[in-house]
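To keep things clear, I will list the structure first and then write my remarks on it.
The values are calculated or read from the model by the stated rules, or taken from the named source; none is laboratory data. Predicted model only: the values in this text are computed from it and were never measured. Reconstructed Cβ throughout: ideal geometry from the backbone, glycine too, with neighbour counts over all protein chains shown. Quick note on the areas: whole protein, heavy atoms, side chains included, nothing else; ligands and nucleic acids left out. Shrake-Rupley method; radii C 1.70, N 1.55, O 1.52, S 1.80 Å.
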Amino acid sequence: MRDHEQLPFPLAEYQTRLDGMRTRMDAAGVVAFLTTTPENITYLTGFESPGHYWWQGMIVPLYGEPTTLSRLLEVGGMDALSWVEPDNNIAYRDDQEPMEQLAGLLTSMGLDVGRVGYERNGWFFTAAQMDRLFALLPDTEWVDCSGLVEQCRLIKSDLEIERITMAARTTEAGMRAGIDAVKAGATEDEVAAELMAALIRAGSEWPSIVPFVASGERGAIGHATWFHRELVPGDSIFLEVAGCRSRYHAPMMRTVMVGEPVQAMEQAFDAVQAAFQAALEAIKPGVVASDVDQLARQVIAEYGFGGNQASRVAYSVGIAVPPDWGEGHILSMKPGEARVLEQNMTFHLLPWVQLAGTGGMGVTDTIRVTADGAERITDFPRELFVR
C-alpha cells in the first residue's frame, strides 16, 4: 500500500477495511477473493470512475498485496486515485479478452488451484464471463462470497459519517435552489438546471443518479425527472436530490406547490410527516428493520393512504456509483427484513406517497443510527413549500 495526497481517506482507514474483509475471508475458508463490484473496489482502494461498464476486478489474497485488473484506459485513474502499488495495477487492452487475462493473472498468483471467493450476485460480472473464467481455471474451487465486502460497508466509520455529512450540505444547497426556481411559467428543465448548478457550486461531485424533478401528475410516476413540462398554478413539483463527496451520497426529497395546495396534497404531507417522525423515533440499535417499515406504513394507512408506500421505507446509503446512489441491495427497511439496526448505519428514510393524476409527496432525509436512537444528517426545513 502507498500513501499519497489524492487518497480520500488516510491509509489507516483502508487498512482497517482490508483487515475487516480478510477476517470474513478467513471465516469463509478462501485463500483469495475476487471483487468485481465497482462500489467495493472504491471502498477498498479509493478508486472511482464512471467507466465500470468495462470489466474490472480486484484480487485480494488472504496475505500479501492486492492486485487490480482494469481496462488500460482506467489504469491511470487507479494509479492516481488509489493506494494500489504500480506493480499490482495490471491492464488489459481493448483487443484482449478480460477473462483470459484474468485467468493468466490468477495462475501467476498461484490461484489456479485452491478456494477462491467471488461475487456471483453482482451486476458487473456476467454469467458469460463467469462461465468463461471457470472453464479456463477448472482446478480452482470457486466459492460464492457475495456480500462479503458489503457487510463491512454497512457500519460507517467516523470518517465516512463525516463525508456523508459533507455531501448533505451540497444536497441542501441544491434543494434550496430548486425550490427557489419554482414558479408558474417556469419549466421542469429550468428548475433542474438551477438545482444542479447549485449542487455543484456547493461542492458536490458527480452524483450517481441525476436529481428527480417531476411536476403535476408526473410527480406520481416513480423515478420520473425533468421533461420540458411548464409549471402552472395548482401544480405540485416533486424534488429528490443527493449530493456526493468521495462517492458518499446524502439523498433528500421535498415537495413544492405552485400556489395554494389542494386538500389531498395537504393530507399527504401530514401523512408522510407523521410517518417519518414515528419511524425516526422508533429507530435505534437492536430494532428489526421490518418493524420500522411496518410502523411507517401503518401511519400512512391511518391517514387514508393505505397501500400508497410503493417502495421500501428506508435504504442504506454510503458509497455509490451509477446506476444507484443507495446501498439498498445491502440493507433496506422493507417487509420481511429480519436484520437489526446497528449504530452508525446510515439510511435514506423515505415514507412518501404517490397520488395518481395529482403528484408525489415526499419529505425525506438522510439519517444516522446513533447509540440510543437516530438523527438527521440532512438539515433542511421539513415543510410543504408554496411558491
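List of remarks:
- DSSP H segments from the chain that extend 24 Å or more along their own axis, Cα-based, with Kyte-Doolittle mean of 0.0 or above: 263-282
- Distance from the C-alpha centroid of region 74-149 to that of region 319-387: 34 Å, rounded to the whole angstrom.
- For region 169-265, average projected area of the Cα convex hull in nm²: 5.6 nm²
- Share of carbon and sulfur in the accessible heavy-atom surface of region 155-298 [1.4 Å probe, %]: 54 percent
- Of all lysines in the structure, those lying under 29 Å Cα to Cα from LYS334, and not within fewer than 8 positions of it along the same chain, are LYS156, LYS284.
- Over the chain, relative contact order from alpha-carbon pairs under 8 Å, at least 6 apart, %: 15 percent
- Heavy-atom accessible surface of region 300-387: percent carbon and sulfur, 1.4 Å: 47 percent
- Think of a 1.4 Å ball rolled over the protein heavy atoms: region 151-285 then has 37 Å² of accessible area per residue.
- Accessible solvent surface per residue of region 43-108, calculated while the other protein chains remain in place, 1.4 angstrom probe, Å²: 40 Å²
- Net lengthening on full extension, GLN151/ARG93 (0.36 nm per residue, minus Cα-Cα): 17.6 nm
- Charge tally around ASP3: other residues with Cβ under 13 Å, Lys/Arg +1 each, Asp/Glu -1 each, net -2.
- Correct option for Rg/Rh (Cα atoms, Kirkwood Rh) [calculated from the coordinates] among [x] 1.08; [y] 1.02; [z] 0.99: [y]
- The trypsin sites (Lys or Arg not before Pro) of region 43-128 that meet both conditions, a loop assignment by DSSP and at most 14 other Cβ atoms within 10 Å of the site Cβ, are ARG93, ARG120.
- Pairwise Cα inverse-distance average, inverted: Kirkwood Rh of region 263-343 (Å): 13.4 Å
- Within-14-Å neighbourhood charge of MET265 [Cβ basis; K, R +1; D, E -1]: -4
- Comparing PHE305, SER290, GLN273 along the charge dipole axis of region 192-345, the residue lying farthest to the positive side is SER290, per the Cβ-charge model.
- Given charges at beta-carbon only (K, R positive; D, E negative), |dipole| of the chain in Debye: 500 debye
- Per-pair calculated FRET efficiency, R0 = 45 Å: ALA80 and GLU266 via Cβ, rounded to 0.05: 0.30
- A Förster distance of 25 Å, applied to the separation of the beta-carbon atoms of ARG339 and ALA274, puts the FRET efficiency at 0.45.
- Positive minus negative residues near GLU48 (Lys, Arg vs Asp, Glu; Cβ under 10 Å): -1
- Between LEU62 and ARG387, full extension at 0.36 nm per residue minus the direct alpha carbon distance yields a gain of 111.2 nm.
- Projecting label points 7 angstrom from Cα along Cα→Cβ for HIS4 and GLN298 puts them 5.5 nm apart.
- Taking all protein chains together and a 1.4 Å probe, the residues LYS183, LYS334 rank LYS183, LYS334 from largest to smallest accessible area.
- Entry note, the chain: the mean residue ellipticity at 222 nm calculated from DSSP H runs of n ≥ 4, each adding -39500 (n - 2.57), is -11000 deg cm²/dmol after division by the residues and rounding to the nearest 500.
- When DSSP beta bridges are restricted to pairs lying wholly in the chain, around 75% turn out antiparallel.
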